[in-house]
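Following: one structure in structure tokens, then a few remarks.
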Amino acid sequence: MPHLYLLFHILGVCMLLTTIIVSPIFERNIRKASDKNVALTYHRLFRQIGLLSPFGSLIILGSGIANMYYLGFGVFSQGWLTAKIILFAVLVVNGGMINPPLMRKRMNLLEQMAEADSSGDAHATLARYNRQQSIYLLVQSAIVVVILSLSVFKPV
Ligand code: HEM
């Protein structure tokens, strides 16, 4: 049974990692598309693929708790596990609070830019959203790499 939970855990991790790995590819294509309708198509696809992350996170959480139960671990019994749970909470809160409104705002702006000739202001706002998205993706990727390292090396 613990192996089954571990298998689900890894499946959830793969779902989450997929969204992290494809992010720079979509970001690059959204940003370099000169036709805003093309940028919008990439953006919509990116949002749909991004849906893997909340489902992956739910599977990770459920299977992680089941793993803890079967291994007899409490929240504070292993340092690496405590750190992992805290970082996972930060990851989920960031993912739930920062990304959806940012993606929505950028998509609305791209829709406006696709319909009418865009002003310098619109370009400046788009550049600001792109910068915010880059920072967000860097932070989330770094957190995931730290969690993965804690899981594999179990340093404390
Ligand atoms: C992004 C989040 C997470 C990632 C990338 C991740 C990754 C992993 C990996 C790769 C393993 C396999 C390690 C091994 O077999 O040596 C593992 C095991 C485990 N994870 Fe996670 N995990 C995450 C979140 C969580 C959470 C939130 C919990 C608890 C609620 C949790 C609890 C566990 C437990 C108990 C094990 C089994 C450890 C063992 O066999 O000694 N994980 N995790």
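The values are calculated or read from the model by the stated rules, or taken from the named source; none is laboratory data. All values derive from a computational prediction rather than experimental measurement. Cβ placement follows ideal geometry from the backbone for every residue including glycine, while neighbour counts extend to all protein chains displayed.
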Just one listed residue, out of Ser134, Ser118, is under 30 Å from Lys36 (Cα atoms), touching a residue at least 12 places away in the same chain (Cβ under 8 Å), out of contact with any strand residue (DSSP E or B) (no Cβ under 6 Å at 6 or more places or on another chain) and outside any helix (DSSP H, G or I), and it is Ser118
If you scan region 41-92, which residues turn out to be of a type in the set (A, V, I, L, M, F, W, C), under 30 Å from Gln112 (Cβ atoms) and at pLDDT 95 or above?
Leu45, Phe46, Ile49, Leu52
Failed condition for Leu109, given (1) exposed (fewer than 14 other Cβ atoms within 10 Å of the Cβ); (2) free of Cβ contacts under 8 Å to residues at least 24 places away in the same chain; (3) part of a helix (DSSP H, G or I); (4) more than 10 Å from the ligand (Cβ to nearest atom), with all others met?
(1)
Residue list for region 137-153, restricted to those being out of contact with any Lys or Arg (no Cβ under 6 Å at 6 or more places or on another chain) and either touching a residue at least 24 places away in the same chain (Cβ under 8 Å) or more than 10 Å from the ligand (Cβ to nearest atom) (or both):
Leu137, Leu138, Val139, Gln140, Ser141, Ala142, Ile143, Val144, Val146, Leu148, Ser151, Phe153
